[in-house]
Amino acid sequence: MLFKVTEMHLPTADEVVQKIKNYTDGYAGVVPFDKQADGLLLMNFTESNLALSPLVLGNTTQFSEYVSGLLFRAHARYGIGGYNEHRGIYQRSAVFDGEATSEPRRLHLGVDIWGPANVPVFAPLPATVHSVGYNGAYGDYGATLILQHELEGMTFYTLYGHLSRSSMEDKKPGAPVDKGAWIAYFGQPAENGNWPPHLHFQVIIDMEGKVGDYPGVCALSEKEHFLSNCPDADLILNLVQYAQP
């Protein structure tokens, strides 16, 4: 059963972005990463990446081997990227297909961090648990956690997708979460929506009444609304600048 905490006054997108940029206490790392020692690879999942053939995308094991091989050859601890990226990889799942009269969803709204299963995930800010869910369709989030944050009187949310199911067992809506506290692990494909292990991290201003879920990918015709409601999560991560192409 899913629950949610009471939602508070919703700021505008510009107000949230400014608060996030101006936050002076610093954000805790969402994943373990040493900016001086660890490599970070900028990933490309657009249709221009011809290595991602339908054969690779249709086989989770091959897709996972492709990702881990890239990281190994680049000596990178993680791969990262994807905000506002129009991706070809969503052809692998009917979850992202529109009805016969509508367009498919292909525009990514969060930042992905690709790495091995069981990487720990931490809360970047003090929070309360908004909701948890298991979105188990092939290609969906799998185990999902949403945190609610207050920053200088403004409320917004962070979503964590593709987690391990076991790390959701102790998460109760309304429970407090300390800044820097462990909140989850990257899930295996069998529990993360059948993806290579990674974290989908997304900032959301208005949950729009959703609980345990929120779109991480939108149709191009919906781009203006969703990018406004979901500003670049790297404002909190502050990692993409360290990535090598």
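Dipole size in debye (nearest 20) for region 65-112 around its Cα centre, Lys and Arg Cβ +1, Asp and Glu Cβ -1?
About 240 debye.
Can you pull the Kirkwood radius for region 110-217, inverse mean 1/r over Cα pairs, to one decimal in Å? Provide the component values of the computation, followed by the final result.
On the way: mean 1/r = 0.0742 Å⁻¹.
After inverting the pairwise mean of 1/r, the radius is 13.5 Å.
Do the alpha carbons of any pairs in Lys35/Lys223; Lys19/Lys223; Lys171/Lys223; Lys21/Lys210; Lys19/Lys210 sit beyond 30 Å of each other, and which pairs? It would help to have the intermediate numbers written out before the result.
Details: Lys35/Lys223 32 Å; Lys19/Lys223 23 Å; Lys171/Lys223 32 Å; Lys21/Lys210 26 Å; Lys19/Lys210 24 Å.
The pairs that break the limit, which is 30 Å between Cα atoms, are Lys35/Lys223; Lys171/Lys223.
Return the loop-located chymotrypsin sites (Phe, Trp or Tyr not before Pro) in region 104-174 (DSSP other than H, G, I, E, B) with at most 15 other Cβ atoms within 10 Å of their own Cβ; answer none if there are none. Don't jump to the answer; show the numbers that get you there.
Values: sites: Trp114, Phe122, Tyr134, Tyr138, Tyr141, Phe156, Tyr157, Tyr160; in loops: Tyr138, Tyr141.
Answer by residue number: Tyr138.
Please arrange Asp38, Asp206 by counting, for each residue, the other beta carbons lying within 10 Å of its beta carbon, fewest first.
The most exposed by this proxy come first: Asp38, Asp206.
Would you calculate the convex hull of the Cα atoms in region 13-242 and tell me its volume per residue in Å³?
Enclosed volume per residue, from the Cα hull, is 120 Å³.
Where the only charges are on Cβ atoms (+1 Lys, Arg; -1 Asp, Glu), what is the dipole of region 1-156 about its Cα centre, to the nearest 20 debye?
The dipole of region 1-156 has a size of about 340 debye.
Within region 153-170, whose backbone N sits under 19 Å from a point 7 Å along Cα→Cβ of Asn22?
153-157
Please name which of Gln148, Ile236, His162 has its Cα lying farthest along the dipole of region 13-242 towards the positive end, using unit charges on Cβ (Lys, Arg +1; Asp, Glu -1) and the Cα centre as origin.
Positive-most Cα among the choices belongs to His162.
Just to check I understand the Karplus step: with θ = phi - 60° and J = 6.51 cos²θ - 1.76 cosθ + 1.60, what whole-Hz values come out for region 106-111, glycine and proline as x?
Once θ is set to phi - 60°, the couplings for region 106-111 become 9, 8, 7, 10, x, 10 Hz.
Using θ = phi - 60° and the Karplus relation 6.51 cos²θ - 1.76 cosθ + 1.60, list the HN-Hα couplings for region 45-50 in order, rounded to whole Hz, with x at every Gly or Pro.
These are the phi-based 3J(HN,Hα) values: 10, 7, 5, 6, 7, 6 Hz.
Quick note: the coordinates plus some simple rules give every number you see, no bench work behind them. Being a predicted model, the structure only gives us computed values, none of them experimental. Using ideal geometry, Cβ is built from the backbone for each residue, glycine included, and neighbour counts are taken over all protein chains shown.
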